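FYI, it's all coordinate maths here, none of it is from the lab. What you are looking at is a predicted structure, and each value in this text was computed from that prediction instead of being measured. Methodologically, a virtual Cβ is constructed for each residue, glycine included, from the backbone with ideal geometry; neighbour enumeration extends over all protein chains shown.
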Amino acid sequence: MTSKKMQRLLLTGMVLGAFHCQVIAQSYTQVAHGVSNDLPRPYATQRDWGELPANTTAWAAVTAVEPSPDGRFIYVIHRCFENSCEGRPESPILKYDYNGKLLDDFGAGLFIFPHGATVDTQGNLWVTDARSNDEIGHQVFKFSPDGEILMTLGQRGVGGSGRNLLHNPNDVVIDPSDGDIFVADSHRGGLNNRIVHFTAEGSYIKEWGSKGSAQGDISEPHTIAMDSRGRLFVGDRENNRIQIFTQEGEFIDEWRQFGRPSGIYITPDDTLYVADSESGPDTGAKELMGIMKGIRVGSAVDGSVTAFIEDMEPLRDDHSGAEGVGVDKNGNVYGAVVRRRMLERHVLR
């Protein structure tokens, strides 16, 4: 073999090798850990929706956005000043109409760390408090649309693992058929990694889940939602998956294609919205690299993922994306952003 021929073969091998590495790199950026970054992006983002309360010039950390089923109101839950309501005079719950006009506010003095929320079919708002200062916290509140406290779960300021105690509860969802209550308990580093089932009147029925990564185990149940069949979708955040359970706690399936779930919202037609606020960094909480932060949209029926709302800082090293997600009757998607302290509204183009 001549030296020129050998040089041509070596050059060809180098080109093919470089091409192969490029293909691998591209496929990794598009699909990492079973999560695609290469999805349609049909939404335009707005960051000026919602009238702020008087004497307020900026959002505190926004944790949840919950439109009421009747299409009348949108509730925004925030943490008063920066990232905590402890000792603050502000109301953490803001009630809006669909034009973003502030109609009411309530909940002042009740919360340390307001976290997850839901609105039941009667229009009542449920909000969790995922921290405590030993005086208040560790509770779930049920409010009327006018802000009257109708029920509390957990004991004020007392955290625990018993039937009538909670420890830094993350989220709550209500069965529309009978009013039964399901609470996702606890936040990162909390005592519990469980789902607690109560009657509509607040009586304990059962619980399931414990710290771990096997099917049915949970490591930080950060969010919970229910589909039209009554199945429970639990954001098992530290395990980077959604777990699906029956209301009796029987494991059905696990889905990893929606990323690391901080927030889940399911519309009546079973469209599934999953907010991923933590993929990308590695802080020791089992985050996965190579996944863009944002909101993935798909089907609660078959698990397909069809669209993506990319975060402002999708590959930033620290946590930055929307944690909470809500969808109004017009299909507008709301992202509750904690670290950057903002409310995002995403509208189909």
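Couple of notes before you dig in:
- 27 Å Cα-Cα threshold exceeded, pairs from 101/293; 211/293; 206/329; 293/329; 101/329; 142/329: 101/293; 206/329
- Rounded to the nearest 500, the helix-only mean residue ellipticity at 222 nm of the chain stands at -3000 deg cm²/dmol, with each DSSP H run of n ≥ 4 adding -39,500 (n - 2.57).
- Whole-Å distance, taken between Cα centres, linking the stretch 91-142 and the stretch 150-191: 14
- Rounded to 10°, Cα long-axis angle of helix 3-30 versus longest principal axis of the chain: 10
- The stretch 49-67 versus the stretch 256-325: alpha-carbon centroid distance in Å: 22
- Modelled spin-label separation between residue 205 and residue 38, with each label point placed 7 Å from Cα along the Cα-to-Cβ direction: 4.5 nm.
- Mean Cβ count within 10 Å, highest first, over the residues of peptides 124-132, 204-212, 111-119: 111-119, 124-132, 204-212
- Shape class for the stretch 147-254, computed from the alpha carbon gyration tensor (a ≥ b ≥ c): oblate, with a/c not under 1.5 and a/b at or below b/c.
- Order by protection proxy (mean Cβ within 10 Å, highest first), peptides 333-342, 34-43, 64-73: 333-342, 64-73, 34-43
- For the chain, the Cβ-based charge dipole about the Cα centre amounts to some 1520 debye (Lys, Arg positive; Asp, Glu negative; other atoms uncharged).
- Protection proxy ranking, peptides 303-310, 91-98, 46-53, average beta carbon neighbours within 10 Å, highest first: 91-98, 303-310, 46-53
- Note that the chain shows a convex hull volume over its alpha carbon atoms of 153 Å³ per residue.
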